[in-house]
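S.K.: Please read through the structure below; I'll follow up with questions.
The values are calculated or read from the model by the stated rules, or taken from the named source; none is laboratory data. Quantities reported herein were computed from a predicted structural model and do not represent experimental measurements. When we count neighbours, we look across all protein chains shown, and the Cβ atoms used for this are built from the backbone with ideal geometry, even at glycine. Keep in mind that these areas ignore ligands, DNA and RNA; they rest on the heavy atoms of the full protein, side chains included. Shrake-Rupley method; radii C 1.70, N 1.55, O 1.52, S 1.80 Å.
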There are 2 protein chains.
Amino acid sequence: MIRFDEAMDIIIENTKILQKEKVFLPDALGRVLAEDIYADRDNPPADNSGMDGFAVRYEDIKGASEDSPAVLKIVAESKAGGELVKVEKGTAAYIYTGGLIPEGADTVVQKELTKVEDDKVFIFQELPEGSNIRPQGGDYRKGDLLIKSGKKIRSAELGILSSVNKPTVYVYREPVVGILTTGDEILDLGEPVTKLSQIRTSNTYSLYGQIKSMGAKPVILGFAKDDPEDIKEKLSYAESCDILLTTGGISVGEYDLVKDFVTDVLGVEILFWKVAQKPGKPVAFGVWGDKKEKLFFGIPGNPVAAMTVVETMVKPAVRKMRGESYIFDPVVKAKLSGGYKRKKAERLEFIKVSLELTDEGFVARAYKKQGSNILTSMLYADGFGLVDIGVKEIKDGEMIDVIVFDTDFMRKR
Amino acid sequence: MIRFDEAMDIIIENTKILQKEKVFLPDALGRVLAEDIYADRDNPPADNSGMDGFAVRYEDIKGASEDSPAVLKIVAESKAGGELVKVEKGTAAYIYTGGLIPEGADTVVQKELTKVEDDKVFIFQELPEGSNIRPQGGDYRKGDLLIKSGKKIRSAELGILSSVNKPTVYVYREPVVGILTTGDEILDLGEPVTKLSQIRTSNTYSLYGQIKSMGAKPVILGFAKDDPEDIKEKLSYAESCDILLTTGGISVGEYDLVKDFVTDVLGVEILFWKVAQKPGKPVAFGVWGDKKEKLFFGIPGNPVAAMTVVETMVKPAVRKMRGESYIFDPVVKAKLSGGYKRKKAERLEFIKVSLELTDEGFVARAYKKQGSNILTSMLYADGFGLVDIGVKEIKDGEMIDVIVFDTDFMRKR
């Protein structure tokens, strides 16, 4: 049995970033850029006005005041998207925000400091030369590296990609993650209950949600009974997946068959089985595919164990495959309100906690039922408090590390 | 000119939660539940085993030890999904995790504490009565309220919905948000540059990304020139939207036409125009539709101003429409490294900051270029630092409130 950190090292070492693919902008949102993005033009492309007002020559407004305004003849108009116009000594041009600075002009006087009479503008104040001009290239210059490969594409990145005329862009491929649910007792949605011992699946769809939320493509491979032929058949559906997740069937009972079959059917090489963690101890991990580029996670069937393994072990692997730079969820220091006790301390325990952000920092509260079959505990959880090997008690108010898998709690005020 | 908080009060007061609709589970992820979810069965549905081992009668193993093991005849097998079997005095049943506790049995002894010889099991230790049994209803009872209407559906909620056999569920409708980009100077992706004054759009697609990221449906209404007929035509595309966003065309110039046209064409009632904020001062807000249930935001054309208005003003409205409980992004206290200075203090300023989470709390750093036309500043930003009206300087190391619009920075270690 290895430790969680050892297990994670093995997982990350064996996880490879996926190939590139080209997608249109709407599909690029949330993906990771796989090319460097350079500016195709200066931005702004030319000097332009930051205000509505008048474009003038500084020397014409030098010394202007309420008592002795500069009086200039209005000879042109410059609006956003318009042509380049010209201003000579003693003249001015109407100018609008975004309008090109006319040839000969060097300063913009905002409308509020002026008065217009017929074709003349009165300017009542001297402004420094260059006022209200947004200079060519003030945001960026042609050829500048604007976004480096590896950056996650958010809204601002979409805006930049658009402004440099990139309707399509290379991103890293998102992994396809197959989910196979095993167990004679498991019913899918809609199936009638015919025996007291039957359980309606939760894992299939909670894992579907987790995989989708982390930016991968879930594929539901279906349900396999604890029967060699059925398991073999359903496993054969997994060939096109980058990651195969199975739930159930991997502890020590005679009816726990999956671990051997993935080796037989898919050629999975198991790299570890059992981790000193709670929940999720009997997790198995391996690699498969021609270049051992695909991953296998054999996940326990208990719903909380399954979700915990996916959040803590599968998520960093998915994020690495999709090219992300920061693959681990945040770990914050939180004050554990109410404390936590346990009898055995042989495993790293992930306790379900809700979180609160106060002016004094994060506060965590452990959910009252921590059993690995208590799915309702996950409804209340924003993170996993870490209770380390050797620690039997964390006292009320002591600090604890918490893996935050949902930051929405920070919105509560 | 009103203050930002006054503007937000007007927006939220005039925003109504949308209707319900029924969706399949995959589409429910990230949506807000619009019905209460009750348990259809006890979970677990019956007492079952938390271990692989043997189901026994406590009285049969009382006093068992290494020297004097209890010896029981194995008469049955209970596996997950199997039938209910029976154990009588002096007998035991094989049991697997999830297997029903046999009639007559009251305790499960884990495999590791036993030895099997032929049809007999030797039990070397007394365990407390009830050991390793997961009781019927231990997670929840039939009829329990499991998830309240109004909760956001995450992975755990999907799991619960599945476990109570709900393949479809009522959620609040997501708003359809129309985006109309105005301005003679604006080019769409792929259009050739024919004049120096032309600018390739960034707003259209950065806003698209923002709207999609906040859980609404963006519809790109297209591009309108600064021409009455073109604006009228493009505005008519907006009829089916819940929210109309226009960018550009709403400041004081003669070519700023949008605000009047939305009133003429769509019957928008403008509720405010101009807010004491930077960037985004000339923002307009109104309501329209038969019951004034639709919203209009007239947004300045500068790319940073546009994104800022969408993050701070449109996002809470979208979240309210889609039924969310916590509609405002988190506001955290952060130490402003490097400080910030400005000349005028008449407006609430949103400064673009990157954030870091340290053991001493959040640290914010202002981007060096804060101009409202500097879109690259948004590439670096995780949040907006708030510089209040009347404040001209925040010194290095002073605390500042930051609206966090992207929590991914917390992953950096």
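S.K.: Take the residues of the stretch A:159-187 that are in a loop (DSSP other than H, G, I, E, B), more than 12 Å from chain B (Cβ to nearest Cβ) and open to solvent by 10 Å² or more (accessible area, probe 1.4 Å): which is farthest from A:P218 (Cα to Cα)? Give the steps one after another, and end with the answer.
M.R.: Restricting attention to the stretch A:159-187, the residues satisfying the condition of being in a loop (DSSP other than H, G, I, E, B) are A:164-167, A:173-175, A:183-185.
Then drop every residue that is not more than 12 Å from chain B (Cβ to nearest Cβ), which leaves A:173-175.
Remaining after also requiring open to solvent by 10 Å² or more (accessible area, probe 1.4 Å): A:173-174.
Values: A:R173: 14, A:E174: 10 Å.
Per the stated criteria, the residue is A:R173.
S.K.: Still on this model: Out of all the residues in the stretch A:341-351, is one or more touching a Ser or Thr at 6+ places or on another chain (Cβ under 7 Å), under 24 Å from A:P300 (Cα atoms) and at the interface with chain B (Cβ under 10 Å from one of its Cβ atoms)? Quick ask: steps written out before the conclusion?
M.R.: Of the residues in the stretch A:341-351, the ones touching a Ser or Thr at 6+ places or on another chain (Cβ under 7 Å) are A:350.
Next, only the ones that are under 24 Å from A:P300 (Cα atoms) stay: A:350.
Going one step further and asking which of them are at the interface with chain B (Cβ under 10 Å from one of its Cβ atoms), we end up with none.
Checking the stretch A:341-351: not a single residue is touching a Ser or Thr at 6+ places or on another chain (Cβ under 7 Å), under 24 Å from A:P300 (Cα atoms) and at the interface with chain B (Cβ under 10 Å from one of its Cβ atoms).
S.K.: Go through the stretch A:72-81 and report how many residues are touching a Lys or Arg at 6+ places or on another chain (Cβ under 8 Å) and among the small types (G, A, S).
M.R.: Number of matching residues: 2.
S.K.: Identify the residue in the stretch A:188-199 that is among the hydrophobic types (A, V, I, L, M, F, W, C) and assigned to a loop (DSSP other than H, G, I, E, B) and, among all such residues, is least open to solvent (accessible area, probe 1.4 Å). Step through it out loud before you land on a result.
M.R.: Step one: list which residues in the stretch A:188-199 are among the hydrophobic types (A, V, I, L, M, F, W, C), which gives A:189, A:193, A:196, A:199.
This time we only want the ones that are assigned to a loop (DSSP other than H, G, I, E, B), so: A:189, A:193, A:196.
On the way: A:L189: 36, A:V193: 65, A:L196: 97 Å².
Across the stretch A:188-199, the extreme among qualifying residues is A:L189.
S.K.: Among the residues of the stretch A:153-164, is any over 23 Å from B:T168 (Cα atoms) and acidic (D, E)? I'd like the intermediate steps shown before the answer.
M.R.: Initial filter on the stretch A:153-164 (over 23 Å from B:T168 (Cα atoms)): A:153-164.
Checking the rest, the ones that are also acidic (D, E) come to A:157.
Yes, the stretch A:153-164 has at least one match.
S.K.: Further question on the same structure: Could you grab me the full set of residues in the stretch A:139-158 that are outside any strand (DSSP E or B) and open to solvent by less than 30 Å² (accessible area, probe 1.4 Å)?
M.R.: Start the filter on the stretch A:139-158 by keeping residues that are outside any strand (DSSP E or B), which leaves A:139, A:141-144, A:148-151, A:153-158.
If the condition is that a residue be outside any strand (DSSP E or B) and open to solvent by less than 30 Å² (accessible area, probe 1.4 Å), then A:D139, A:G150, A:I153, A:S155, A:A156, A:E157, A:L158 are the ones that fit.
S.K.: Would you mind stating whether A:Q136 is within 12 Å of chain B (Cβ to nearest Cβ), more than 31 Å from the chain's Cα centre (by Cα) and either on the phi > 0 side of the Ramachandran plot or not in a strand (DSSP E or B) (or both)?
M.R.: Working: within 12 Å of chain B (Cβ to nearest Cβ): yes; more than 31 Å from the chain's Cα centre (by Cα): yes; either on the phi > 0 side of the Ramachandran plot or not in a strand (DSSP E or B) (or both): yes.
The answer is yes for A:Q136.
S.K.: Looking at (1) modelled with pLDDT of 95 or more; (2) of a type in the set (V, I, T); (3) open to solvent by less than 50 Å² (accessible area, probe 1.4 Å), which is the only condition B:V331 fails?
M.R.: Answer for B:V331: the failing condition is (3).
S.K.: Further question on the same structure: Could you give me the residue pairs with C-beta distances under 6 Å whose first residue belongs to the stretch A:24-37 and is surrounded by 19 or more Cβ atoms within 10 Å (Cβ to Cβ), whose second residue is among the hydroxyl-bearing types (S, T, Y) wherever it lies, and which are 6+ apart or on separate chains?
M.R.: A:L25/B:Y205; A:V32/A:Y172; A:L33/A:S149; A:A34/A:S149; A:A34/A:Y170; A:A34/A:Y172
S.K.: Hey, can you tell me all the residues within the stretch A:361-380 that are assigned to a loop (DSSP other than H, G, I, E, B), more than 8 Å from chain B (Cβ to nearest Cβ) and at pLDDT 90 or above? Show your work before the answer.
M.R.: So in the stretch A:361-380, the residues assigned to a loop (DSSP other than H, G, I, E, B) come out as A:367-375.
Remaining after also requiring more than 8 Å from chain B (Cβ to nearest Cβ): A:367-368, A:370, A:372.
A:Y367, A:K368, A:Q370, listed by residue number.
S.K.: So A:E129 passes all but one of these: (1) within 47 Å of the chain's Cα centre (by Cα); (2) within 13 Å of chain B (Cβ to nearest Cβ). Which condition number does it fail?
M.R.: Tallying (1) within 47 Å of the chain's Cα centre (by Cα); (2) within 13 Å of chain B (Cβ to nearest Cβ), A:E129 fails exactly one: (2).
S.K.: Cβ contacts < 9 Å: first residue without any contact (Cβ under 8 Å) to a residue 60 or more places away in the chain, restricted to the stretch A:80-106; second residue aromatic (F, W, Y) and part of a loop (DSSP other than H, G, I, E, B), any location; separation 6+ or different chain. Result?
M.R.: Between residues of the stretch A:80-106 that are without any contact (Cβ under 8 Å) to a residue 60 or more places away in the chain and residues that are aromatic (F, W, Y) and part of a loop (DSSP other than H, G, I, E, B), the close pairs are A:A80/A:Y96; A:A80/B:Y255; A:G82/A:Y96; A:Y96/B:Y255.
Table: residues versus (1) among the acidic types (D, E); (2) over 54 Å from the mean Cα position of the chain (by Cα); (3) farther than 30 Å from A:Y140 by Cα.
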position: A:N48; (1), (2), (3): no, no, no
position: A:V56; (1), (2), (3): no, no, no
position: A:K62; (1), (2), (3): no, no, yes
position: A:E66; (1), (2), (3): yes, yes, yes
position: A:L72; (1), (2), (3): no, yes, yes
position: A:A80; (1), (2), (3): no, no, no
position: A:V85; (1), (2), (3): no, no, no
position: A:G90; (1), (2), (3): no, yes, yes
position: A:Y96; (1), (2), (3): no, no, no
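S.K.: Then there's this: When the residues of the stretch A:228-240 are filtered to those that are farther than 26 Å from A:P279 by Cα and of a type outside the set (G, A, S), which remaining residue is modelled with the lowest pLDDT?
M.R.: Among them, the one singled out is A:P228.
S.K.: So for the stretch B:44-67 (the condition being facing another protein chain (nearest Cβ under 8 Å), hydrophobic (A, V, I, L, M, F, W, C) and buried (at least 21 other Cβ atoms within 10 Å of the Cβ)), does at least one residue qualify?
M.R.: So in the stretch B:44-67, the residues facing another protein chain (nearest Cβ under 8 Å) come out as B:44-46, B:48, B:50, B:52.
Checking the rest, the ones that are also hydrophobic (A, V, I, L, M, F, W, C) come to B:46.
Next, from what is left, pick out any that are buried (at least 21 other Cβ atoms within 10 Å of the Cβ): none.
Scanning the stretch B:44-67, I find no residue that is facing another protein chain (nearest Cβ under 8 Å), hydrophobic (A, V, I, L, M, F, W, C) and buried (at least 21 other Cβ atoms within 10 Å of the Cβ), so the answer is no.
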